[in-house]
Amino acid sequence: MTPEEIKQIRLNHPDNLMARHFDERYFDSLSGDLQARLIRIIKTGINNPDSQMGAYAMAPDDYDLFKPYLNLLICDYHGIEGEVQHQSDWSQPQTLDLQDIDPSLKNTSMRVRVGRNLEDFPLPGAMTQADRVSFEDQMVEVFQGLMSKPGYGGSYVSLTPGSAHEISPEKYQELVAEHKMFKDMSVDPYLQTAGISRHWPYGRGMYVSDDEQLIIWVGEEDQLRIMAMKKGSVLNEVFDRLHQCLEVLEAGGIKFAVSPVYGAVTSCPTNLGTGMRASLHLPLPQLTAQGSNVEQLKPMAASLGLSVRGAGGEHTAAGTDGVVDISPKARLQVTEAQICQQLFDGVKALWAKEKASV
């Protein structure tokens, strides 16, 4: 890597935040060891110039250590002006029931997930195969404690060859088809360059609760992706269950990596702060032209601070009856409770526009 290469990326790919904010003077001020660490962080943006962020952290302290540079990328992406000082707050003072918007929303598909990493391991991009297996072994012990608790139960399955919990390739594909397990990461060029998908499938697996409303991925982009989901109308219920699960996991003997400035430490700077994506499926046939045009809904959703995608995820069409997936965009410099409220308020606003279009 040379600064000249990054200058060319900046010219040819102006949306690449790694290149946009690269400062050769700052880079030259670093010691050789720190320069090597920073190059590893931004390698994905160099090898994949079409990246938007172009950086993946490799160690829990990277964000604080390289703050003079990474903070520029972070503030640009998250639209933050001034100092960043993330605060966490899960307390929601009121019940947010979608049936108060419309009784027909009584059986809405709701999902909340967070990314988490442990403070005593390198982040996934820098983990060795031994690290990955050791991390999975530690989590299996934590999950065994989780399984013994009321309201959890469940089981753990592993992709690690030789693991006592290993499942067959056929069972893995079945879980992927059911949208329970994550796909093979080794084919993703961004994750490949960052080192996140190395050693596939070692150290990868999934815990699922008895009621299948709580799933924890092990060894994806972050060491843990923890998801609570259900069909219902009270948003608080999925948020509260996820929060409780996080507390139970930490009580089981692990400690999440947290930055005093940026909150939950995640591999990608886009997920810093809460590390959260909260979403639900909402039928909006009028606003999506009977499901044929999700794109026309995106500007309206953006004005409400929401992202919108097809019911099947990114780059998919709306589902039957114009069902789309909506979620608040903000992750950083916003609390968990505020995300919950924003999702509810967004549904209320979009629902009103939908009914006005009939």
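All of the numbers you see were taken from the coordinates with simple rules; none came from a lab. The shown structure was predicted, so the numbers you read here are calculated from the model rather than taken from an experiment. Here Cβ is always computed from backbone atoms with ideal geometry, including for glycine, and neighbour counts include all displayed protein chains.
What is the calculated FRET efficiency for residue 26 to residue 85, with r their C-beta to C-beta distance and R₀ = 25 Å, to the nearest 0.05?
Plugging the Cβ-Cβ distance into 1/(1 + (r/R0)^6) gives 0.65.
Multiplying the sequence separation of residue 100 and residue 212 by 0.36 nm and subtracting their Cα-Cα distance, what value in nm do you get?
Values: separation 112, 0.36 × 112 = 40.32 nm, distance 2.68 nm.
Here the segment from residue 100 to residue 212 would lengthen by 37.6 nm.
Per DSSP H run of at least 4 residues, take -39500 (n - 2.57); add these up for the chain, divide by its residues and hand me the 222 nm value, nearest 500 deg cm²/dmol. Each step should come with its number before you reach the end.
Values: 12 runs with 130 residues, N = 358.
Theoretical 222 nm ellipticity from helices: -11000 deg cm²/dmol.
Expressed as a whole number of Å, what is the distance separating the alpha-carbon centroids of the range 185-222 and the range 45-77?
21 Å
Beta carbons within 10 angstrom, averaged per residue: use that to sort the peptides 6-13, 212-219, highest first.
Working: 6-13: 15.6, 212-219: 22.1.
Going by the mean number of other Cβ atoms within 10 Å, highest first, we get 212-219, 6-13.
Take every DSSP beta bridge with both residues inside the chain and express the antiparallel ones as a percent of the total, to the nearest 5.
95 percent
So for the pair residue 120, residue 188, with labels modelled 7 Å out along Cα→Cβ, what separation do we get in nm?
Taking the simple label geometry, residue 120 and residue 188 are separated by 2.7 nm.
Give me the orientation-averaged projected area of the Cα convex hull of the range 274-358, in nm², one decimal.
Spelled out: convex hull of the Cα atoms, projected over all directions, averaged, 5.0 nm².
For 336, 250, what ranking results if the residue with the fewest other Cβ atoms within 10 Å of its Cβ goes first? Numbers along the way, then the final one.
Values: 336 22, 250 13.
Fewest-to-most Cβ neighbours within 10 Å comes out as 250, 336.
Mind ordering 26-35, 341-350 by average Cβ neighbours within 10 Å, highest first?
Packing proxy ranking, top to bottom: 341-350, 26-35.
What percent of all Cα-Cα pairs in the range 3-78 falls into each 10 Å bin, going from 0 up to the bin containing the maximum distance?
Pair shares across the bins are 20, 59, 21, 0.
Which percent of Cα-Cα pairs in the chain sits in each 20 Å bin, short to long?
Pairs per bin, as whole percents: 28, 58, 14, 0.
If amide hydrogens are placed 1.01 Å from N in the peptide plane, which non-local residues have theirs closer than 5 Å to the one on residue 307?
Long-range HN contacts for residue 307: 327, 329.
Quick test of the membrane-span-like rule: which DSSP H helices of the chain reach at least 15 Å along their long axis (C-alpha atoms) with mean Kyte hydropathy at least -0.5?
Working: long enough: 32-47 (21 Å, 0.16); 67-78 (16 Å, 0.01); 129-147 (26 Å, -0.14); 235-251 (25 Å, 0.12); 336-356 (30 Å, -0.25).
Helices meeting the span and hydropathy rule in the chain are 32-47, 67-78, 129-147, 235-251, 336-356.
Most exposed first by the Cβ proxy, i.e. fewest other Cβ within 10 Å, how do 112, 261 rank?
Result, fewest neighbours first: 261, 112.
For the pair residue 148 and residue 236, what calculated FRET efficiency results from E = 1/(1 + (r/R0)^6), where r is the Cβ-Cβ distance and R0 = 35 Å, to the nearest 0.05?
About 0.85, to the nearest 0.05.
Straight-line reach from residue 171: which lysines have Cα under 27 Å away, leaving out those fewer than 8 places along the same chain?
In chain and number order, the partners are 149, 180, 183, 230, 231.
Magnitude of the Cβ-charge dipole of the chain, K/R +1 and D/E -1, about the Cα centre, nearest 20 debye?
Numbers: 32 positive and 47 negative charges, 113 e Å.
The calculated dipole for the chain is roughly 540 debye.
Taking 8 Å as the Cα distance limit and 6 or more residues as the minimum spacing, I'd like the relative contact order of the chain as a percentage.
Value for the chain: 20 percent.
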